Amino acid sequence: MTSRRLIVCSLATLVTAAVLPALHAQEATRVASINVELVVAEAREGRALAEFLQQIETETRTALEANAGRVEALRQSAAGRGPDELRTIQHQIEDLQRESQRLANDAERRAAKQQEETLQQINERLRPIVQQLINENGYDLILNASIGGVLHASARVDLTQRVIEMLQAQEQQTESNQEP
């Protein structure tokens, strides 16, 4: 995920560098920015994702701490044991270490899968909102402020709060349509 974000940041920087001279040449160019990371965090799905990730982290940490306690107990019980018993204890410790690694990997996969699915859902909802803003305001360029591709964005062109409000209005509309 980190390398993907680095690639996106690099691409955004390259696009920004390529577009800036054209923006200075055309005074009528309409530019805006959206802090997509903040929009995602404020979306219903984003809040649910944050709770899910917190739950996975807590569950994983608890399981890993339990395994670490078992490993420590096994190491302490090894004192004064014979070679056969020491081998058995060593195998048990290795098994617990493998289990801990598996738990961490499984948690990471579950988190990544849920994050990807959630971001796709939010993206599907954001596309028409961004298009509506483009149609209403004639923006030529909207930059993602959360990936560092923006050197400066004044509050006048920052659409983040407006997107959050529109997203929340959409959520309220969806909820009111689902009520019996």
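The values are calculated or read from the model by the stated rules, or taken from the named source; none is laboratory data. Keep in mind the model is a prediction, meaning the values are calculated, not measured. Note: ideal-geometry Cβ built from the backbone for every residue, glycine included; neighbour counts use all protein chains shown.
Kindly provide the set of residues from region 112-163 that are under 22 Å from residue 45 (Cα atoms) and of a type in the set (D, E, K, R), ordered by number. First the steps, then the outcome.
If we filter region 112-163 for residues that are under 22 Å from residue 45 (Cα atoms), which is where we start, we get 112-133, 144-147, 159-163.
113, 116, 117, 124, 125, 127, 162 - these are the residues of region 112-163 that are under 22 Å from residue 45 (Cα atoms) and of a type in the set (D, E, K, R).
Going through 155, 107, 169, 112 one at a time, which residue ends up being at negative phi, part of a loop (DSSP other than H, G, I, E, B) and not polar (S, T, N, Q)?
On the way: 107 fails: part of a loop (DSSP other than H, G, I, E, B); 169 fails: part of a loop (DSSP other than H, G, I, E, B); 112 fails: part of a loop (DSSP other than H, G, I, E, B).
After applying the criteria, what remains is 155.
Considering the conditions (1) assigned to a helix (DSSP H, G or I); (2) surrounded by 11 or more Cβ atoms within 10 Å (Cβ to Cβ); (3) within 21 Å of the chain's Cα centre (by Cα), residue 124 is excluded by exactly one of them, (2). Here 34, 93, 89, 56 are screened, and the one residue that is touching a strand residue (DSSP E or B) at 6+ places or on another chain (Cβ under 8 Å) and either modelled with pLDDT of 95 or more or not basic (Lys, Arg) (or both) is 34. The residue pairs whose first member lies in region 107-118 and is surrounded by 11 or more Cβ atoms within 10 Å (Cβ to Cβ), whose second member is among the hydroxyl-bearing types (Ser, Thr, Tyr), and whose beta carbons are closer than 8 Å, counting only pairs six or more residues apart or on different chains, are 107/60.
So which residues in region 40-85 are among the small types (Gly, Ala, Ser) and assigned to a loop (DSSP other than H, G, I, E, B), if there are any at all?
Scanning region 40-85 gives 43, 78, 79, 80, 82.
Among the residues of region 40-77, those identified as touching a residue at least 60 places away in the same chain (Cβ under 8 Å) and not β-branched (Val, Ile, Thr) are 42, 43, 44, 45, 46, 48, 49, 52, 53.
Can we say residue 94 is farther than 26 Å from residue 33 by Cβ, over 25 Å from the mean Cα position of the chain (by Cα) and part of a helix (DSSP H, G or I)?
Criteria met by residue 94.
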